[in-house]
1. If you take the residues of the range 394-449 that are of a type in the set (S, T, N, Q) and more than 25 Å from R491 (Cα to Cα), which of them is modelled with the highest pLDDT?
2. Does S17 qualify as being small (G, A, S) and more than 16 Å from S148 (Cβ to Cβ)?
3. Please work out if A564 is within 15 Å of Y509 (Cα to Cα), of a type outside the set (S, T, N, Q) and surrounded by fewer than 19 Cβ atoms within 10 Å (Cβ to Cβ).
4. Failed condition for I280, given (1) in contact with a Leu (Cβ under 9 Å, 6 or more places away or on another chain); (2) closer than 19 Å to I169 by Cα; (3) not in a strand (DSSP E or B); (4) not charged (D, E, K, R), with all others met?
5. When you check R540 against the structure, is it buried (at least 20 other Cβ atoms within 10 Å of the Cβ) and closer than 28 Å to G592 by Cα, yes or no?
6. Kindly evaluate G588 against the criterion of being on the phi > 0 side of the Ramachandran plot, among the small types (G, A, S) and either modelled with pLDDT of 95 or more or not in a loop (DSSP other than H, G, I, E, B) (or both).
7. Yes or no: L563 assigned to a loop (DSSP other than H, G, I, E, B) and either in contact with a Gly (Cβ under 6 Å, 6 or more places away or on another chain) or closer than 16 Å to W438 by Cβ (or both)?
8. Which residue pairs have Cβ atoms closer than 7 Å, lie 6 or more positions apart in sequence or on different chains, and pair a first residue in the range 193-204 that is closer than 11 Å to L145 by Cα with a second residue that is assigned to a strand (DSSP E or B) and among the hydroxyl-bearing types (S, T, Y)?
Amino acid sequence: MMQRGWTRGEPLEELVSREWLVTNGLGGYASGTIGGAATRRFHGKLVAALPAPLGRTMMLNHLAESVTTRDGRSRLLSGDERASGAIVYPDPDFLEEFVLDCGIPLWRFASDGLRLEKRVVMPYGQNTTYTIYRLIEGEGVTLRLRPSLNFRPHEGLLAEWSDTWKIDIKGRDVEICESDAFPPLRLAFIGEDTQFEHRPEKIEHVVYRIEKGRGYEHEGPLWSPGTIHIALARGEDAGIVASTEAWDVIHALPMARAIESEQARRHKLFDIANDPSPLIVAADQFLVRPHTRPSDEARIAAMGDTPRTVIAGYHWFTDWGRDTMISLEGLTLVTHRFREAGSILRTFASYVRDGLIPNMFPEGEHGGLYHTADATMWFFHAVARYVKWTDDRGTLRELLPKLVDIIDHHVRGTRFNIHVDPKDGLLSQGEESYQLTWMDAKVDGWVVTPRRGKAVEINALYYNALRILQTFLDEEGDAANAARMNELAERAQKSFNERFWYDEGQYLYDVLCDEMDENDAALRPNQIFALSLDHPVLDRSRWEAVLHTVERELLTPVGLRSLARNHPDYKQRYDGDLRARDAAYHQGTVWGWLIGPFIDAWLRVYPDDRERALHFLDGFQPHLHEACIGTISEVFDAEEPFTPRGCAAQAWSVAEVLRCLHALHDR
């Protein structure tokens, strides 16, 4: 299965605006631009997922690549960015195309009777990257590869520098150490005639243009140990292996076998899902072992389970509770990865504290942060979808006491002033300096959209959770607790419909602010959950009004705007430095994942109009060929051309599009 990313004749600028990504099932990855220039601080040939306190760590930043033909002509296979900001592109007369071959990045070069291919592969479950070259046609050539690096934490400072590099050369194997703070980087050179030219060099002023535009540190040095020269004959594989694994692990998998094994694994994913969509591979990239938290792995494994979690987005997000629960159906159930779905739910259940699941796990730390009012309510949604798909009553019975305890904590009140208001039975939340809903932008102490009070989607989720739990308790014969959940649900539903309806606008308030007696009438997409969830809290008579207001004001080809255009805080673009971006993050910026609940709401109002619902996904098809090829971005600008922004690959964006495609084709 081939997926086009760039073809000769397209603008050269797109070689640095389009990206590729491969992952290893641990949270580690390799990524870069098609043209080879590192435009992000997160672009690297090996970002290893290492145990805390390291977490994800940049181990190999860049690989300069060229080939020399027998007549002495040299051609660049990859580009670079100069300190001046000028881009050096690969030879445009030699690079023919970039495609994803079963999701594996493949560059094809062709000119004057010479045809060459390059692939990048990460073996599943290893902190290892293979960069593999094969000469398809023509006489032999010589590869010239120069690795450059600067070991640092994933988001560590670019300018920090060490002059303590040590290199140990053992034939075709090279081991590089910087300090005791990092493991050694091991490089293995594969080819019949390989020479390593040991010539250490400091590369000054490497510039990362995207980070510069985002207002982050964007310049720093790299260090190169030297240059590898490899003779490449027709029909043979050659290249470089970069790894933090032990030497016996590195040498256990030949290059050809590395490609074959990963292709076979991916074909198995297609077979399991009974779906050849490239989004099956995109979904796989987010499902990981919590390898950076070995104590958690050990604790969960000791209970006889296999720990699993979800990376919320590449390149910089870790695993987030909210994103995991929203994404679970699309990433694991639609793809028929039921065992992993159950493991994810049981893993997060083990983290429940004071009636909350973690909001996120910071990079390189052991413990989670719990500042979220909605992630735990999404947990109920994920459990319900899991049970519907699998009928795994064993896992349900294991989780049921925790689900009851979660509701009890919310009724009594728990952290961050999350509590059910005894006056109306609605769920309220909010604490100064915290952003507890999914609209969670915060910069320099400024919470952009605090939404303290009774948020519309929080209460839709709370009602949905109560009805889900009531059903489970009824099925398991716990009539007393089921009746209690029914009583809580009925009261919440009554108050919701009495208080959230904004008659003047014919839609729902976004937040009820009891303390100020001034409700927030900003027109946001959060209200769509009042009719999209399995148990809609909104009265049926108001479904159509809400749906069409959201469609008219917020719908775009790639998701829903986070704020209506007539609001004074509306921002057309998600761009600029951190403060400018966070000011726009939930103030107009389009979120791809919201297309899922919108389509659910559409089908609730128009259950027979699947054709129109399917067309709401049309805008994502061309997007798979831009930005990060084969996956879906986090956010988009609020106005045409809806430029993709934020994380290059976002779990809930992929999950919700994949879920909707499955539902619309299979119903």
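The values are calculated or read from the model by the stated rules, or taken from the named source; none is laboratory data. From a predicted model like this one, the values you see are computed outputs, not experimental measurements. All Cβ positions, even for glycine, are placed from backbone atoms using ideal geometry, and neighbour counts span all protein chains on display.
1. Applying the first criterion (of a type in the set (S, T, N, Q)) to the range 394-449 yields 395, 414, 417, 428-429, 433, 435, 437, 449.
With the extra rule that they be more than 25 Å from R491 (Cα to Cα), the set shrinks to 395, 433, 435, 449.
Working: T395: 97, S433: 80, Q435: 84, T449: 83.
Going through the qualifying residues, I end up with T395.
2. Numbers: small (G, A, S): yes; more than 16 Å from S148 (Cβ to Cβ): yes.
Against the criterion (small (G, A, S) and more than 16 Å from S148 (Cβ to Cβ)), S17 qualifies.
3. Values: within 15 Å of Y509 (Cα to Cα): yes; of a type outside the set (S, T, N, Q): yes; surrounded by fewer than 19 Cβ atoms within 10 Å (Cβ to Cβ): no.
Spelling it out, it is not the case that A564 is within 15 Å of Y509 (Cα to Cα), of a type outside the set (S, T, N, Q) and surrounded by fewer than 19 Cβ atoms within 10 Å (Cβ to Cβ).
4. (2)
5. Details: buried (at least 20 other Cβ atoms within 10 Å of the Cβ): no; closer than 28 Å to G592 by Cα: yes.
When the stated conditions are applied, R540 does not pass them.
6. Working: on the phi > 0 side of the Ramachandran plot: yes; among the small types (G, A, S): yes; either modelled with pLDDT of 95 or more or not in a loop (DSSP other than H, G, I, E, B) (or both): yes.
Yes.
7. Numbers: assigned to a loop (DSSP other than H, G, I, E, B): yes; either in contact with a Gly (Cβ under 6 Å, 6 or more places away or on another chain) or closer than 16 Å to W438 by Cβ (or both): yes.
Yes, satisfied.
8. Partner pairs satisfying both residue conditions: E197/T227.
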